[in-house]
């Protein structure tokens with residue numbers, strides 16, 4: 001006998017993922033304002049489906065971002081990335097969508113995403129997409145934001161070297 005008001009097995013996670021698929025539902029927090037920060041985030045359980053074969057693709061998402069005024073609560077970020085799980089989408093489009101959604105939703109200063117896909121058919125793919133907001137152009141070298149962007153570039157270079165070096 002099932003207890004009343006208890007979700008069927010497996011629906012809690014699916015419902016939470018479906019809700020987080022829409023960035024308008026995300027919990028957004030203020031970013032630290034005194035010093036610009038650089039965030040490196042790694043999501044090793046990314047999955048989507050090949051649009052041609054329907055087979056699952058597996059990747060680690062590496063994200064380097066410089067927030068402007070807001071950040072997404074980590075649970076919502078995780079659930080949103082999980083929303084790709086059953087979507088037929090190419091490696092390249094998934095990478096571009098992650099960058100564009102985060103850049104637009106959070107009004108980021110900058111973001112770089114490297115997707116480290118598990119080899120399939122003896123071929124490894126590492127799509128990379130980068131975005132910088134026009135407001136970060138022409139900063140003085142001693143501007144705290146310029147320093148944060150320089151740190152983000154350093155992390156980006158290290159990620160690329162580690163992934164394909």
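For the reader, a short list of remarks on this structure follows.
- In the set (1) surrounded by 15 or more Cβ atoms within 10 Å (Cβ to Cβ); (2) under 20 Å from residue 39 (Cβ atoms); (3) free of Cβ contacts under 8 Å to residues at least 60 places away in the same chain, residue 125 fails one condition alone, (2).
- Qualifying residue in the stretch 68-90 (condition: loosely packed, with under 12 Cβ neighbours inside 10 Å, touching a helix residue (DSSP H, G or I) at 6+ places or on another chain (Cβ under 7 Å) and either within 27 Å of residue 158 (Cβ to Cβ) or at pLDDT 95 or above (or both)): no
- Residue that is within 15 Å of the chain's Cα centre (by Cα), exposed (fewer than 12 other Cβ atoms within 10 Å of the Cβ) and either in contact (Cβ under 8 Å) with a residue 12 or more places away in the chain or on the phi < 0 side of the Ramachandran plot (or both), where the choices are 22, 107: 22
- Residue count for the stretch 135-163, restricted to those that are in contact (Cβ under 8 Å) with a residue 12 or more places away in the chain and either in a loop (DSSP other than H, G, I, E, B) or farther than 19 Å from residue 43 by Cβ (or both): 8.
- Residues that are outside any strand (DSSP E or B), modelled with pLDDT under 95 and either touching a helix residue (DSSP H, G or I) at 6+ places or on another chain (Cβ under 6 Å) or more than 30 Å from residue 53 (Cα to Cα) (or both) occur in the stretch 123-132; there is at least one.
The values are calculated or read from the model by the stated rules, or taken from the named source; none is laboratory data. Quantities reported herein were computed from a predicted structural model and do not represent experimental measurements. Positions of Cβ are generated from backbone atoms using ideal geometry, with glycine treated the same way; all protein chains shown enter the neighbour counts.
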